[in-house]
Amino acid sequence: MTTYLIQGAAIGAGAPTDLLLRDGVIAETGTGLSAAGAERIDAGGLVALPGFVDLHTHLRQPGREDAETVETGSMAAALGGYTAVCAMANTDPVADTAGVVEQVWRLGQEAGLVDVQPVGAITVGLAGERLAELGAMAESAARVRMFSDDGHCLADPALMRRALEYVKAFGGIIAQHAEEPRLTQGAQMNEGVQSARLGLTGWPAVAEEAIIARDALLAGHVGSRLHVCHVSTAGSVEIIRWAKSKGWQVTAEVTPHHLLLTDELAGGYDPVFKVNPPLRTAEDVGALREGLADGTIDVVATDHAPHTREDKECEWGCARPGMLGLETALGVVAEAMISTGLLDWDGVADRMSTAPARIAGLSGHGRRLETGAPANLVLVDPAAPWTVRADELASISRNTPYAGLRLPARPVATFLRGHATVLDGKGQW
Ligand code: DOR
C-alpha cells in the first residue's frame, strides 16, 4: 500500500502542516516531515479536511441501475470529497429487510471507494402502514442505525412514535422526509408568487413545517433521536431552533441546492429544477444559510437523486423530482457559505464531516486530522474555479442543475483509510 506524504496543506482554517498517511492511518503530523519511499504530494495552497460524510444519498441499486449503481455513485462521492455515504432505502426492492441492506453494504465494500452505510426503511415497502424489520437490519452485517422512508413522509403519528421508541433501544435514529401528504397532493413546486404565475400546483411551506413540529414533539416525548431531512423553509429553521432549545435530540440537514437555488428557476419549466422538497424563495435560502452557520442546521447532505433522461427530460408535470449533488456539493457550499463569510473551512469540516459522522454513528469518519486517526480525508483547492459540465460527471445520470455554472472550489484528492480514491481531481478506479 502506498505511503503518502502530504506537504503543506492547511488543516481546515489552521496552519500549513505535513501529514504522513501510512497503513491506513495518519501516522505523523508536523512540519518538515520526511519519509523514505513515500509518494509526496505538494499540497501548498490546499486545505485538508476530514473526508465528507453524506447522510442522504440515493444510489438506486438495487432496481434502477440505469440511473446509478453503488459503484458509480461511490465514484461520484469520492470525486466530491466523500469517504462515506448513507444510501437511502427507496430502492426496488425497498431496503426494508436485512437481506437488502446487506446486499447494498456488500456492493459498497466491493466498490471500495467510500464506505456505503445503508439506511433502512422505517415501514414495509415505504408504505407507511407497518414497521419494517428494524431490529434485524440493526443486527445485520450492515449494522443499520438510521432509518428513513425518504421520498415518502411517515405521516401516521402513532407509527412515527413507535419507530422512535423502537430505535431508542439500540441508539438508532429516525430520519423523516417532512411532507404532510394531504397538503401536497398534486404539488409541482413551491407554493407562492412563482407557482401562481406559472400555473403549477404549489407545495406550501406549512406541509413541511407541520410535520417537523409534530415530530419534534414526539421525539421530545419519547426521548429518542429525530433527524430532519432536507430542511427547505425559514419556518422549519425556526421550529428546529425551538426544538433544540428544549433539549430534544433533534438534528437537521440542508441540501446544497436549497442553499443556492430559488423557485425563480422553475420559470423556464426545465425539470432539472424540479425537486422534493421544492426550491423555495430567496428569503428561505437566507434563513437556511443562517441556520447552517449558527448550528441550528447541523449538516449539509446532498440528497443526490440521479434520474435517467427518460424520467427527467420530459414536461415538468411528468418529470421525477431530484437532482445530482455529490460531485458539486463542496463547490456549492463554498459559494453559498465560504464566499459569503458565513462559514470558514473548520465550519465546513464540521457540517460536512464531523457532524454527519456523529449523527450516523460512523466513528472512523469525521475525526480531527491528527496522529493516529484513520486516514479518511480530502484535499480541497479553495481557489480553483471550475465550470460544471454534466457530461463530465461520474454519475450515470445527467440531471445536475448546475450545468454551465462556475463554482469557486473543488476537491483534488480523497483518501479512504490511506488509499487514494481520487488524485489530481481524477478518480482511481
Ligand atoms: O427530489 C427528491 N428525489 N426528493 C426525495 O425525497 C426523493 C428523491 C428521489 O429518490 O429521487
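About the Cα centre, and with charges only on the beta carbon of Lys, Arg (+1) and Asp, Glu (-1), how big is the dipole of the chain? Nearest 20 debye, please.
Here the chain has a charge dipole of around 620 debye.
Which of the three applies to the chain, rounded, prolate or oblate, going by the alpha-carbon gyration tensor with a ≥ b ≥ c and a/c under 1.5 meaning rounded?
prolate
Placing +1 on the Cβ of each Lys and Arg and -1 on the Cβ of each Asp and Glu in the chain, which of 395, 249, 158 has its Cα farthest towards the positive end of the resulting dipole?
Toward the positive end, the furthest listed residue is 249.
Leaving out ligands, DNA and RNA, what percent of the accessible area of the chain is carbon and sulfur, probe 1.4 Å?
Carbon and sulfur: 48 percent of the exposed surface of the chain.
Identify, among 366, 325, 308, the residue whose Cα sits farthest towards the positive end of the charge dipole of segment 303-425, taking +1 on the Cβ of Lys and Arg and -1 on the Cβ of Asp and Glu, with the dipole about the Cα centre.
The Cα lying farthest towards the positive end belongs to 366.
How do 293-304, 154-165, 35-46 rank on mean C-beta neighbours within 10 Å, highest first?
293-304, 154-165, 35-46
By the gyration tensor of its Cα atoms, with a ≥ b ≥ c the square roots of the eigenvalues, what is the shape of segment 65-214: rounded for a/c under 1.5, prolate for a/b over b/c, or oblate?
In terms of gyration-tensor shape, oblate.
Around residue 382, what is the net charge, scoring Lys/Arg as +1 and Asp/Glu as -1 over all other residues with Cβ under 14 Å from its Cβ?
-3
Between segment 205-224 and segment 265-331, what is the separation of their alpha carbon centroids in Å?
Centre-to-centre distance over Cα atoms comes out at 23 Å.
How do the peptides 102-110, 211-219 rank, highest first, by the average count of neighbouring beta carbon atoms within 10 Å per residue?
211-219, 102-110
In Å², what does the accessible area per residue of segment 264-382 work out to with a 1.4 Å probe?
35
Using a 1.4 angstrom probe, figure out how much accessible area segment 28-138 has per residue, in square angstrom, rounded to the nearest whole.
Details: 3760 Å² over 111 residues.
Ligands and nucleic acids excluded, the figure is 34 Å² per residue.
Just want the answer: with Cβ charges of +1 for Lys and Arg and -1 for Asp and Glu, which residue in 193, 275, 9 is farthest toward the dipole's positive end in the chain?
Checking the options against the dipole of the chain, the answer is 9.
When the helices in the chain are scored as -39500 (n - 2.57) per DSSP H run of 4 or longer and the sum is shared across all residues, what 222 nm value do you end up with, to the nearest 500 deg cm²/dmol?
On the way: 13 runs with 116 residues, N = 429.
Counting only the DSSP helices, I get -7500 deg cm²/dmol.
Give me the dipole magnitude in Debye, nearest 20, for segment 303-382 about the Cα centre, with unit charges on the beta carbon: positive for Lys and Arg, negative for Asp and Glu.
Dipole magnitude for segment 303-382 comes out near 320 debye.
Can you check what the net charge comes to around residue 4, using other residues whose Cβ is under 14 Å from the Cβ of residue 4 (Lys, Arg +1; Asp, Glu -1)?
Values: positive: 22, 40, 417; negative: 18, 23, 28, 39, 42, 424.
Charge balance in the 14 Å sphere: -3.
The values are calculated or read from the model by the stated rules, or taken from the named source; none is laboratory data. Everything quoted here is computed from the prediction, not taken from an experiment. Backbone-built Cβ (ideal geometry, glycine too); neighbour counts: all protein chains shown. Accessible surface areas use protein heavy atoms only, side chains included; no ligands, DNA or RNA. Shrake-Rupley method; radii C 1.70, N 1.55, O 1.52, S 1.80 Å.
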